[in-house]
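**Q** Please read through the structure below; I'll follow up with questions.
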Amino acid sequence: MKLYKKIALLVVIIFAAIFAVEDVFAEIKLPAFFSNNMVLQQQTDVAIWGKANSNATVKVVTSWNKKSYVTKVAADGSWKLKVATPKAGGPYNLTISDGKLLTLENVLIGEVWFCSGQSNMEMPLKGYFNQPVIGSLDATVNASASTMRFFTTAKATSTTPLDSCKGSWEICNSETASEFSATAFFFGRMLNKVLNVPVGLIQSSWGGTTIQPWISEDGCKVFDFIKDTAKLKNPPSSHSVLYNAMVNPIVGYGIKGVIWYQGESNRPEPENYEKLFPGLIKDWRTKWELGEFPFYYMQIGPVGKNEAKPNSAFLREAQFKVSNVEPNVGMACILDIGEQNLVHPANKEIGSNRLAYLALSQTYQIKGISCHSPKYKAITIRNDTAKITFSDTPNGLSSFGKTLSNFEMAGADKVFHPATAVITREGVTVKSALVPVPVAVRYAFKSFVVGDLFGVNGLPVSSFRTDDWEREK
């Protein structure tokens with residue numbers, strides 16, 4: 001009996017020793033975006049992090065320079081280090097070890113962009129039911145590009161910041177592109193072609209969401225008008241819940257910049273959005289700790305009935321103002337391609353290309369690209385005539401031969417009437433027989449219009465107004 005007990009104790013000791021050894025060499029756990037086929041930002045120090053056995057030593061070896069990077073695992077099992085990346089190229093391998101080797105294969109070095117927003121960012125290249133994307137079939141047929149990679153963050157919400165999310169890196173081909181964000185795809189395709197470097201696109205979006213859930217708890221604290229609804233039922237409309245689950249896990253991943261397409265769900269509150277949007281930009285830049293990285297965004301397109309409220313021109317105005325006050329940002333205007341009965345403009349390629357023009361000109365410093373829409377600058381009124389001047393018009397304005405039809409003029413009674421407008425070398429001259437003493441001018445300041453004023457570069461002028469009268473709610 002004693003011999004049996006000794007044998008049993010010995011078996012227990014042996015198994016305990018085996019499990020102890022396995023625990024010492026526990027397999028490293030990485031966030032989903034550190035995987036085969038990933039793209040790392042070129043020519044910088046990119047962060048790599050994960051989980052491992054506490055107090056172990058983690059070593060990362062990069063095949064592009066054969067260097068080793070070593071760090072100690074914290075008591076809570078977390079570790080993080082930075083590795084230096086070369087000029088764009090690949091494919092490379094990256095090995096990570098705490099005694100047990102993990103190899104990440106087919107890694108490219110290039111340009112990485114974080115792509116976020118609501119349904120117009122989420123809308124896949126193949127389109128939605130009864131809502132096509134113009135040119136999607138041709139784009140899908142010709143999509144294959146081994147140097148373009150996609151990562152789509154799975155939808156999730158959380159009342160507290162998470163350190164993990166679901167998703168995987170996919171190589172661009174007809175199948176993967178058709179399911180990926182059309183806006184992000186067309187943007188990335190132009191960068192990939194013009195820069196001739198690998199491009200990685202991380203897409204994190206959720207249709208129908210306002211901006212509040214995309215801002216962190218810290219970022220929301222500065223706004224006293226944000227109500228604490230996050231603990232009710234955790235819906236995607238509660239503040240911070242999408243940041244926590246779909247942005248926070250990725251914060252710190254090496255990126256070049258952000259493209260953003262959102263705002264339709266905030267149409268009833270343009271005054272708040274004018275504060276919230278720059279708040280989101282500052283919040284993300286603070287959390288990422290990469291300085292004032294480029295942030296380019298799509299102005300929402302015209303949509304809906306002009307008799308209905310709210311007038312979405314006020315939301316477009318709020319977005320426009322942000323482009324004038326925040327550093328290293330740019331807005332793409334799509335006033336000419338909105339659709340009255342669809343919140344999702346079908347011509348995603350045109351809008352995405354305008355985002356790419358901003359990046360190629362401002363971020364990548366390619367000369368000769370005229371990337372800005374003309375911007376309203378000032379108004380001068382003399383007798384019955386108003387003269388409007390603009391900035392960002394190196395070659396002036398154009399209506400492409402059409403009569404301008406979107407200008408309105410009002411007197412002291414604040415009642416707007418249709419006005420005639422003529423392009424001049426100085427800008428646009430506006431007058432109306434119904435307004436002998438003008439006070440204010442508005443251009444395309446309705447929920448739905450088809451913009452007809454452009455720069456000679458073909459980029460549309462955003463809707464604008466010269467007054468600051470309180471909107472009707």
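All of the numbers you see were taken from the coordinates with simple rules; none came from a lab. Treat the numbers as computed from the prediction; the structure is a model and nothing was measured. Cβ atoms come from the backbone with ideal geometry, glycine included; neighbour counts cover every protein chain shown.
**Q** Search the structure for amide H atoms under 5 Å from the amide H of Lys377, placed 1.01 Å from N in the peptide plane, and list their residues when 5 or more places away or on another chain.
**A** Long-range HN contacts for Lys377: Thr389, Phe390, Ser391.
**Q** Hey, another quick one. If you count the DSSP beta bridges with both ends in the chain, what percent of them are antiparallel, to the nearest 5?
**A** Just about 70 percent of them are antiparallel.
**Q** Between the DSSP loop rule and a limit of at most 12 other Cβ atoms within 10 Å, which trypsin sites (Lys or Arg not before Pro) in the stretch 353-445 are left?
**A** Lys367, Lys402, Lys414, Arg425
**Q** Restricting to Cα pairs below 8 Å that are 6+ residues apart, what does the relative contact order work out to for the chain? Please round to a whole percent.
**A** That works out to 12 percent.
**Q** Filter the cross-link list Lys82/Lys227; Lys72/Lys155; Lys126/Lys367; Lys87/Lys221; Lys321/Lys387 down to pairs whose alpha-carbon distance in this structure exceeds 31 Å.
**A** Table pairs above 31 Å Cα-Cα are Lys82/Lys227; Lys72/Lys155; Lys126/Lys367; Lys87/Lys221.
**Q** Evaluate the charge dipole of the stretch 375-465 about its Cα centre and quote only its size in Debye, nearest 20, assuming +1 on the Cβ of each Lys and Arg and -1 on the Cβ of each Asp and Glu.
**A** It comes to approximately 100 debye.
**Q** Take every Cα pair under 8 Å in the stretch 375-465 that's 6+ residues apart, average their separations, divide by the length, and report that relative contact order as a whole percent.
**A** Relative CO of the stretch 375-465 lands at 31 percent.
**Q** So how compact is the stretch 39-108: Cα radius of gyration and Dmax in angstrom?
**A** Reported Rg and Dmax, both Å: 12.1, 36.
**Q** I would also like to ask the following. Once phi is turned into ³J(HN,Hα) by the Karplus curve 6.51 cos²θ - 1.76 cosθ + 1.60 with θ = phi - 60°, what whole-Hz value does each residue of the stretch 148-153 show in order, with x for glycine and proline?
**A** 10, 10, 10, 10, 10, 6
**Q** I've got another one for you. Looking at Ala378, Ala56, Asn120, which one has the Cα that reaches farthest to the positive end of the dipole of the chain (charges on Cβ: Lys, Arg +1; Asp, Glu -1)?
**A** Ala56
**Q** For the stretch 107-157, what ratio Rg/Rh do Cα atoms give with a Kirkwood hydrodynamic radius?
**A** Using Cα coordinates only, the ratio equals 1.00.
**Q** Which of the lysines could be linked to Lys305 by a straight reach, that is with a Cα gap under 19 Å, when you skip same-chain ones fewer than 8 residues away?
**A** Result set, ordered by chain and number: Lys446, Lys473.
**Q** Also: Using θ = phi - 60° and the Karplus form 6.51 cos²θ - 1.76 cosθ + 1.60, what ³J(HN,Hα) does each residue of the stretch 298-303 get, whole Hz, x for Gly and Pro?
**A** Once rounded to whole Hz, the list reads 8, 5, 5, x, x, 6.
**Q** Here is a follow-up. What is the order of Ile255, Ile366, Ile215, fewest Cβ neighbours within 10 Å to most?
**A** Least crowded to most crowded, the residues run Ile366, Ile255, Ile215.
**Q** Just one of [x] 23.3, 80; [y] 26.6, 115; [z] 36.2, 112 is Rg and Dmax of the Cα atoms in Å as worked out from the coordinates here. Which one is it?
**A** [y]
**Q** In deg cm²/dmol and to the nearest 500, what is the mean residue ellipticity at 222 nm of the chain if only DSSP H runs of at least 4 residues count, each as -39500 (n - 2.57), divided by the residue total?
**A** -6500 deg cm²/dmol
**Q** Moving on to the next point. May I ask you to list the aspartates and glutamates whose Cα is less than 18 Å away from that of Lys402, ignoring any residue fewer than eight positions away on the same chain?
**A** Correct list for Lys402: Asp336, Asp452.
**Q** Which of Tyr273, Gly338, Ile300 sits closest to the plus end of the dipole of the stretch 256-344, meaning its Cα is farthest towards the positive end, when Lys and Arg get +1 and Asp and Glu get -1 on the C-beta?
**A** Tyr273
**Q** If you wrap a convex hull around the Cα atoms of the stretch 375-465, how much volume per residue is inside, in Å³?
**A** For the stretch 375-465, the hull spanned by Cα atoms encloses 87 Å³ per residue.
**Q** Using +1 on the beta carbon of Lys and Arg, -1 on that of Asp and Glu, and nothing else charged, what's the dipole of the chain about the Cα centre, debye to 20?
**A** The dipole of the chain has a size of about 880 debye.
**Q** Taking amide hydrogens as modeled 1.01 Å from N in the peptide plane, which residues meet the under 5 Å criterion relative to Met148, leaving out close sequence neighbours?
**A** HN-HN under 5 Å from Met148: Cys172, Val199.
**Q** Return the sequence-ordered ³J(HN,Hα) values of the stretch 276-287 in whole Hz as given by the Karplus equation 6.51 cos²θ - 1.76 cosθ + 1.60 applied to θ = phi - 60°, using x for Gly and Pro.
**A** Going residue by residue, I get 5, 5, x, x, 5, 4, 5, 4, 5, 5, 5, 5 Hz, with x marking Gly and Pro.
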